[in-house]
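Input: a single structure, listed below in structure tokens.
The values are calculated or read from the model by the stated rules, or taken from the named source; none is laboratory data. Bear in mind the structure is a predicted one, so any value in this text is a computation, not a measurement. Neighbour counts run over all protein chains shown; Cβ positions are idealised from the backbone, glycine included.
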Amino acid sequence: MNFFLTIVLDGLIQASWLFIVALGLTLVFGILKILNIAHGSFYALGAYIAASTVTMVAARGLPPSVGFVAMLLSVALIAAAVGLLLERGLLKMFYGRDEVVLLLVTYAVFLILEDLTKLIWGVNPIYATQPYELFGNLEFGGLYYVGYDLVLIPISALIGFAIWFGLNRTVIGKIVLAVIHNEEMSVSMGVRVNRVYAIAFAFGVSLAALAGALTAPKISMQPGLSSDVIILSFAIVVIGGLGSVEGAAVGAILVGLARAASVHLMPQAELFVIYLIMAAVLMFRPEGLFKRETARRI
Amino acid sequence: MRKELHPLVMIVLVAAVTLFGRVLPTWTLSLATVAASNALIALGIVVLARTGNVSFGQGLFFAAGGYGVALIANTWGLTDAAAQVIIGAACGGLLGLVIGPLIARYSGIFFGMLTLALSMVFYGALMKSTALGGSDGFNVGRPSLFGMSFTDPREADFMLYAVSVIVTGFAGIAATILFRSEFGLASLAVRENNLRVEYLGLSANRIISINFLIAAIFAGASGAFALMAQRHIDPQFAYWTTSGEFVFVAVLAGNQSVAAVFVASMALELVRSFSNLYLPNTWQLVLGVFLLGVILFLPRGIGSLWIRNGRRRRISTTAPLTAERGATP
Amino acid sequence: MNRFRRTSRAAIIASAAATLLALAAPASAQESFKLGIVTFLSGPAADSFGVPARNGAQFVIDQLNKGAAPSPFEKVGFGGMKVEPVIIDENGGATKQVQELRNLYQRDNVDVVLGYIGSGDCLAVAPIAEELKKMLVLMDCGTPRIFEESKYNYVFRTAAHATMDNVGLIRYMKAKNIKMTTLSAINQDYAWGQDSRADFVAAAEQLYPGVKLQTDLLPKFGAGQYGTEISALVGAGSDVVYSSLWGGDLQAFVLQSVPRGLSKRSQLVFSAADHVLPPLGDKMPDGTIIGARGAYGLMSQKSPLNDWFFKGYEAVNNVYPVQASYRMTQAILGLKAAVEKAMSKNGGKKPSTDEMVAAMTGLEWPSPGGLIQMKLADGHQAIQPIAFSRTKYNPDLKRVDLVDIQYFAAECVNPPPGVKAIDWIKGGMQGAKCN
């Protein structure tokens, strides 16, 4: 029983930060129809900015809690700004073209951001561990868990709920949904679609960056962070269904549990079990587990 | 009527490029071999892209071809270069035959994602298979040709160069003939509107599957070349960033002219080679900016630099690699 | 027309004469020795290994070119020839490195290539150098497979391989009476991690008979996040947790596992951890048993050579040298010794590849880390002494000190020539000369 609980808890811890990343990706696709390959680069960006902020705050002698808040704020702001710049400055030039063109553009952005991160922060691993001790340790089932890891679970659940609520129960959410369903009609109804796109993109990438910031205290930031995250978030988004918030949640939980289970039970499968699930879902339900009906134009 | 190159002229070009290898410096020879093999796999992507599906997982067949050849070479001592190419192509083709029909019903992003997922599954399996050397891969002996073995490094490199250029050249000629054929035009039609193609009595899925098979065969052969040139194989062959580079070459080349694929591939190899020496941490940046520039200013790839087409709207082999959404038929 | 022919003929004769003169010029001491150096300048291995190695290379080459090294390395450069380094990045994967190796030999015309940290890279480039008949000196990679799976004439490795690290570790644990009835392991899933684990487990079965291997994890190289793995390790609660993790991965593992009590539940044993001590500082738990893959850094033994290197390096780089810097140094010094030996045999000319190869085979030379002896693989693979210790944080100096240092002679922890390392261990380590 304990063993089972360990897997579930480990899986949920993994799922929580995966969910935040995947959420951003699925939102960007749902609203802008862009599959953002550079999404992982924003995750890395968030992690690095968080590290710098935490280090700066610590150098001034302020307590780690201030560092934690400061890092979240700075990451959200900077990532949103970069996202806005990217969308308005580059991506909008390619609207109206094939989905694959935008995919290639985001691939180019991924390449560029990879090297920019190396140029700004160097190639050495960086650490920012002060916030990791903020929430103490917890004993559970004979094992020690770091409070920080566990706290991420309710945080991500909160974010997920907030997004879902925002999309489905508020006026702004309804406007966004309208833009998703039919852009032309929304324009003719007076919606500032360009603004919706810009804000949606900025929001989506800030979520990725936020996930990076939240994970930063427990890992070492080094180049190569983004490649693995991209592929994982793709898997989740595909499993859950592109554009679906619930799908991202379910996908993240599935992937998190799959990883935890394979490490404990069958370590050889760890690397490809996720892609196997992704391929299986694509084969049998290509729209994902939570598909949204879209009309097919003949 | 567009001026089109006669296949015989193309054969002469291939022969000329091969002979040119005698005067190239040695380090350029192995570079050119890698460029030729990359061009081959990018050509496959271009062939497939004409049906509107861009494959982001060619690494799967690339690795399958490479590992297949490597295993056979190490187990049975088969080192003949020509045989290895055929085996590589066969491995890729076999896999493509199995997978093609399964994924032909998907289009656009889902097609791309599925190919990506399959190549990553293969990558994961390779990484964990200690029998195949795991993440380190393993080495392969020197290739020979028709019973002759080459001990002088320069001669050996030239032999590989010649084989790769000739094979890729003939693949290019075959592709050009394909593009001009009825089947080639039908492929373009599938990209425009596959439902209408069905109404016309053709099977869109079958067309896609056959194009996919061709791409897989090219990728498998390319894997054999990469193996022969590097004498080493590892799971990185199947990683998504490797597949991404092939797509990059395909996009850079466009589908205007087959020769553009070689030029694009060679350009990539040269940039990669010198960037390590002079700009160690910025070559991805250069690549990314380059890619953006091509998408913005040369949407039909660098092939459009030397091929002038008539009316852009005309449905022909001059349409861009990636179709414009909402283009009028 | 006439004038054109005259000038062109003059030009041809002039250039022919110039070429002949250039070819006829004897190899003088003004000639330089072009040395290709390959090490990680970017990527996860850069900070912990690649950059210290490069810094070590730059320090030693500067000193050699000034003739400032102590005896027996006082000659300027290599036998009077100034050393001209060409440093390239090892990052990008084994297949890329193969192409880069060719570029170094064929395009950049280096005389010898020296370097390589990644075991996968070493395995890939060795056969290529052999084919090209050019000299390759592997300096850092640890997998024993290089010379156990193939024979090479042109390839050398100037540092001992992973077997020494793990056999030595077991002997140290035995000497310090560390209890080990149960064992768990976490290693990166590639040649280095797999071979280290195999050697450690085999050696453990010899000196701790009946030891039980519980949780055995092989996460991917560069994974960086070990939450689930740590749960498994803490849950197993073994006496000893062994790891050959290094670089960013090891740092992340320590940072994530210590708050979760792993170091309190199990004795942590790391075979190659000295390089993470400066960055981790007080985050490294006290009492962790570590190795440095040699008698290096804070475990190095006093000698004029070591004083010159340790103090000189620290003065230039503001940090003491770790294992990679030492290994790079012993490689360069070994090459220097080989070149000068070849030159003494051929009358002082710049030696050919074959002459250098003959000189280096079976060579012995002193280094800051001890005596290096090319005893294995027909004189192509080195053996050297090793040291192990425990960590203890020093709050006054604000650095991690190493205590309980114990040294082991080369022949105690390295296999003898002619037998595969894993077979030697499983056979009871016959012929080991320990004191």
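Inspect segment B:95-110 for any residue being aromatic (Phe, Trp, Tyr), touching a residue at least 12 places away in the same chain (Cβ under 8 Å) and in a helix (DSSP H, G or I) and give the result as yes or no. Scanning segment B:95-110, I find no residue that is aromatic (Phe, Trp, Tyr), touching a residue at least 12 places away in the same chain (Cβ under 8 Å) and in a helix (DSSP H, G or I), so the answer is no.
Each row is one residue, and each column tells you yes or no for (1) farther than 15 Å from A:THR26 by Cα; (2) touching a helix residue (DSSP H, G or I) at 6+ places or on another chain (Cβ under 7 Å); (3) among the basic types (Lys, Arg); (4) surrounded by fewer than 16 Cβ atoms within 10 Å (Cβ to Cβ).
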| position | (1), (2), (3), (4) |
| --- | --- |
| A:ILE199 | no, no, no, no |
| A:ILE219 | yes, yes, no, no |
| A:VAL229 | no, yes, no, no |
| A:VAL238 | no, yes, no, no |
| A:LEU242 | no, yes, no, no |
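Scanning segment C:212-226 for residues that are at pLDDT below 85 and facing chain A (nearest Cβ under 8 Å) turns up C:LYS220, C:GLY222, C:GLY224, C:GLN225. Checking the structure you have, find out if any residue of segment A:63-71 is farther than 24 Å from A:ILE112 by Cα, over 15 Å from the mean Cα position of the chain (by Cα) and part of a loop (DSSP other than H, G, I, E, B). For segment A:63-71, residues farther than 24 Å from A:ILE112 by Cα, over 15 Å from the mean Cα position of the chain (by Cα) and part of a loop (DSSP other than H, G, I, E, B): present. Within segment B:165-182, is even one residue within 30 Å of A:ASP98 (Cα to Cα), of a type outside the set (Gly, Ala, Ser) and without any contact (Cβ under 8 Å) to a residue 40 or more places away in the chain? Looking for residues that are within 30 Å of A:ASP98 (Cα to Cα), of a type outside the set (Gly, Ala, Ser) and without any contact (Cβ under 8 Å) to a residue 40 or more places away in the chain, one finds at least one in segment B:165-182, hence yes.
Does A:TYR132 count as in a strand (DSSP E or B) and surrounded by 14 or more Cβ atoms within 10 Å (Cβ to Cβ)? Explain how you work it out, then say what you get.
Working: in a strand (DSSP E or B): no; surrounded by 14 or more Cβ atoms within 10 Å (Cβ to Cβ): yes.
For A:TYR132, the condition - in a strand (DSSP E or B) and surrounded by 14 or more Cβ atoms within 10 Å (Cβ to Cβ) - is not met.
Look at (1) surrounded by fewer than 19 Cβ atoms within 10 Å (Cβ to Cβ); (2) without any contact (Cβ under 8 Å) to a residue 12 or more places away in the chain; (3) more than 14 Å from chain B (Cβ to nearest Cβ) and you find that A:LEU116 fails only one, number (3). Within segment B:223-257, the set of residues being surrounded by fewer than 24 Cβ atoms within 10 Å (Cβ to Cβ), within 12 Å of chain C (Cβ to nearest Cβ) and part of a loop (DSSP other than H, G, I, E, B) comprises B:ARG231, B:TYR239.
Can you confirm whether segment A:143-163 contains a residue that is more than 12 Å from chain C (Cβ to nearest Cβ), not in a helix (DSSP H, G or I) and not charged (D, E, K, R)?
So in segment A:143-163, the residues more than 12 Å from chain C (Cβ to nearest Cβ) come out as A:151, A:153-163.
Going one step further and asking which of them are not in a helix (DSSP H, G or I), we end up with none.
No, every residue in segment A:143-163 fails to be more than 12 Å from chain C (Cβ to nearest Cβ), not in a helix (DSSP H, G or I) and not charged (D, E, K, R).
If you go through segment C:48-86 and keep only what is under 29 Å from B:SER135 (Cα atoms), crowded, with 19+ Cβ neighbours inside 10 Å and either β-branched (Val, Ile, Thr) or within 14 Å of chain B (Cβ to nearest Cβ) (or both), you end up with C:GLY50, C:VAL51, C:ARG54.
Residue-by-condition table, conditions (1) acidic (Asp, Glu); (2) more than 11 Å from chain C (Cβ to nearest Cβ):
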| position | (1), (2) |
| --- | --- |
| A:PHE3 | no, no |
| A:THR6 | no, no |
| A:ASP10 | yes, no |
| A:ALA22 | no, yes |
| A:LEU25 | no, yes |
| A:GLY30 | no, yes |
| A:LEU35 | no, yes |
| A:ALA44 | no, yes |
| A:ALA47 | no, no |
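Each residue in segment C:268-281 was checked for being assigned to a helix (DSSP H, G or I) and either surrounded by 22 or more Cβ atoms within 10 Å (Cβ to Cβ) or touching an Asp or Glu at 6+ places or on another chain (Cβ under 7 Å) (or both), and 4 pass. Answer yes or no as to whether C:ASP165 is among the acidic types (Asp, Glu) and either free of Cβ contacts under 8 Å to residues at least 12 places away in the same chain or under 25 Å from C:GLU100 (Cβ atoms) (or both). No, not satisfied. Please go through segment B:15-49 and pick out each residue that is assigned to a helix (DSSP H, G or I), away from every other protein chain (no Cβ under 14 Å) and without any contact (Cβ under 8 Å) to a residue 24 or more places away in the chain. Scanning segment B:15-49 gives B:ALA15, B:ALA16, B:LEU19, B:PHE20. Residues in segment B:128-140 that are within 14 Å of chain A (Cβ to nearest Cβ) and either within 24 Å of A:ALA280 (Cβ to Cβ) or surrounded by fewer than 23 Cβ atoms within 10 Å (Cβ to Cβ) (or both): B:LYS128, B:SER129, B:THR130, B:ALA131, B:LEU132, B:GLY134.
Out of curiosity, is A:ALA162 in contact with a Leu (Cβ under 6 Å, 6 or more places away or on another chain) and over 17 Å from A:LEU9 (Cβ atoms)?
Details: in contact with a Leu (Cβ under 6 Å, 6 or more places away or on another chain): no; over 17 Å from A:LEU9 (Cβ atoms): yes.
In short, no.
I'd like to check something: does segment B:73-81 contain any residue that is assigned to a helix (DSSP H, G or I), more than 28 Å from B:ILE207 (Cα to Cα) and within 14 Å of another protein chain (Cβ to nearest Cβ)? Within segment B:73-81, one or more residues are assigned to a helix (DSSP H, G or I), more than 28 Å from B:ILE207 (Cα to Cα) and within 14 Å of another protein chain (Cβ to nearest Cβ). Checked against (1) among the small types (Gly, Ala, Ser); (2) part of a helix (DSSP H, G or I); (3) more than 14 Å from chain A (Cβ to nearest Cβ); (4) closer than 25 Å to B:TRP76 by Cβ, B:ALA125 passes all but a single condition, namely (3).
The strands (runs of 3 or more DSSP E) found wholly in segment C:319-435 and carrying at least 2 residues that are touching a helix residue (DSSP H, G or I) at 6+ places or on another chain (Cβ under 6 Å) and either without any contact (Cβ under 8 Å) to a residue 40 or more places away in the chain or on the phi < 0 side of the Ramachandran plot (or both) occupy C:364-367, C:381-383, C:386-394, C:399-408. Residues in segment C:246-267 that are surrounded by fewer than 23 Cβ atoms within 10 Å (Cβ to Cβ) and not in a helix (DSSP H, G or I): C:GLY261, C:SER266, C:GLN267. Considering each residue of segment B:265-280 in turn, at least one proves to be at pLDDT 85 or above and either more than 14 Å from chain A (Cβ to nearest Cβ) or not in a helix (DSSP H, G or I) (or both). Filtering segment A:86-102 to residues that are more than 7 Å from chain B (Cβ to nearest Cβ) and within 21 Å of A:ILE230 (Cα to Cα) leaves A:LEU86, A:GLU87, A:LEU90, A:LEU91, A:LEU102. Yes or no: segment C:311-329 includes at least one residue that is touching a strand residue (DSSP E or B) at 6+ places or on another chain (Cβ under 7 Å) and modelled with pLDDT of 95 or more. Yes, that holds for at least one residue.
Note on segment C:282-306: residues that are under 20 Å from the mean Cα position of the chain (by Cα) and either in a loop (DSSP other than H, G, I, E, B) or free of Cβ contacts under 8 Å to residues at least 12 places away in the same chain (or both) total 6.
Just wondering, is there one or more residues in segment A:73-85 that are in contact with a Gly (Cβ under 8 Å, 6 or more places away or on another chain), within 14 Å of chain B (Cβ to nearest Cβ) and either of a type in the set (Ser, Thr, Tyr) or touching a residue at least 12 places away in the same chain (Cβ under 8 Å) (or both)? Taking every residue of segment A:73-85 in turn, none turns out to be in contact with a Gly (Cβ under 8 Å, 6 or more places away or on another chain), within 14 Å of chain B (Cβ to nearest Cβ) and either of a type in the set (Ser, Thr, Tyr) or touching a residue at least 12 places away in the same chain (Cβ under 8 Å) (or both). The listed residues are A:GLY243, A:GLY190, and the only one of them that is more than 9 Å from every other protein chain (Cβ to nearest Cβ), part of a loop (DSSP other than H, G, I, E, B) and touching a Ser or Thr at 6+ places or on another chain (Cβ under 8 Å) turns out to be A:GLY243.
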